[in-house]
Amino acid sequence: MTRSIEHVIEGLDNYRTEENNVAYLSRQIAREKAKADTYVSSRKEENTRRIAQGLPPLPEDDVSRMFKIPPEPSRLESMLLLGQVDASAKHLEESTSTGLVRIFAGQAPV
């Protein structure tokens, strides 16, 4: 039973670590997207001013080459870890319920 509890706790720790990694990557993506959006909007404003002044607009740059926006993080590892926690919890449930039946069966008056 102690081993099952350790497996559940270890699985939950691993899951939390993985979720923190996913959250960090999601924040990185949001920062990079915000930088790219800021650049695009400032470039549009600058082109609007240049056109108003009679100057040619600046060329449109490829934002994907200027800003390295990482891909969305995979949630597969999180799902696998949750599956491990679920399996460990079910094993813990089975072993404790069997133990409880034995305890109560031994205490029952005959």
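For the chain, find the longest principal axis of its Cα atoms and tell me its angle to the long axis of helix 76-107, 0 to 90°, nearest 10.
Taking Cα atoms only, the helix is inclined about 20 degrees.
To the nearest 10 Å², what's Arg31's accessible area with a 1.4 Å probe?
Result for Arg31: roughly 110 Å² accessible.
Answer with one residue from Ser64, Ser88, Thr98: the one whose Cα lies farthest towards the positive end of the charge dipole of the stretch 57-103, charges on Cβ with Lys, Arg +1 and Asp, Glu -1.
Thr98
Counting Lys and Arg as +1 and Asp and Glu as -1, each charge on the Cβ, what is the dipole of the chain about the Cα centre in debye, to the nearest 20?
With only Lys, Arg, Asp and Glu charged at Cβ, the dipole is about 420 debye.
With each run of n ≥ 4 DSSP H residues scored as -39500 (n - 2.57), what mean residue ellipticity at 222 nm is computed for the chain after dividing by its residue count and rounding to the nearest 500 deg cm²/dmol?
Working: 3 runs with 87 residues, N = 110.
After summing the helix terms and dividing by the residues of the chain, the value is -28500 deg cm²/dmol.
Mind jotting down the three principal axis lengths of the chain based on Cα atoms? Whole angstrom, largest first.
103, 21, 14
Any chance you could give the angle, 0 to 90 degrees and rounded to 10, that helix 2-52 forms with the longest Cα principal axis of the chain?
10
Keeping all protein chains in place and using 1.4 angstrom, which order do His7, His91 fall into by accessible surface area, from largest down? Walk me through the numbers before you get to the answer.
On the way: His7 80, His91 105 Å².
If we order His7, His91 from most to least accessible, we get His91, His7.
Could you tell me the accessible area of Asp86 in Å² (1.4 Å probe, neighbours in place), rounded to the nearest ten?
Taking all protein chains as shown, Asp86 has close to 80 Å².
Once you sort the root eigenvalues of the Cα gyration tensor of the stretch 28-74 as a ≥ b ≥ c, which label holds: rounded (a/c under 1.5), prolate (a/b larger than b/c) or oblate (the other case)? Don't skip to the answer; put the middle values down first.
On the way: a/c = 5.93, a/b = 2.89, b/c = 2.06.
Prolate shape, in that a/c is at least 1.5 and a/b is the bigger ratio.
The values are calculated or read from the model by the stated rules, or taken from the named source; none is laboratory data. All values reported here derive from a predicted model rather than from experimental measurement. Neighbour counts run over all protein chains shown; Cβ positions are idealised from the backbone, glycine included. The accessibility values were calculated without ligands, DNA or RNA, using every heavy atom of the protein model including side chains. Shrake-Rupley method; radii C 1.70, N 1.55, O 1.52, S 1.80 Å.
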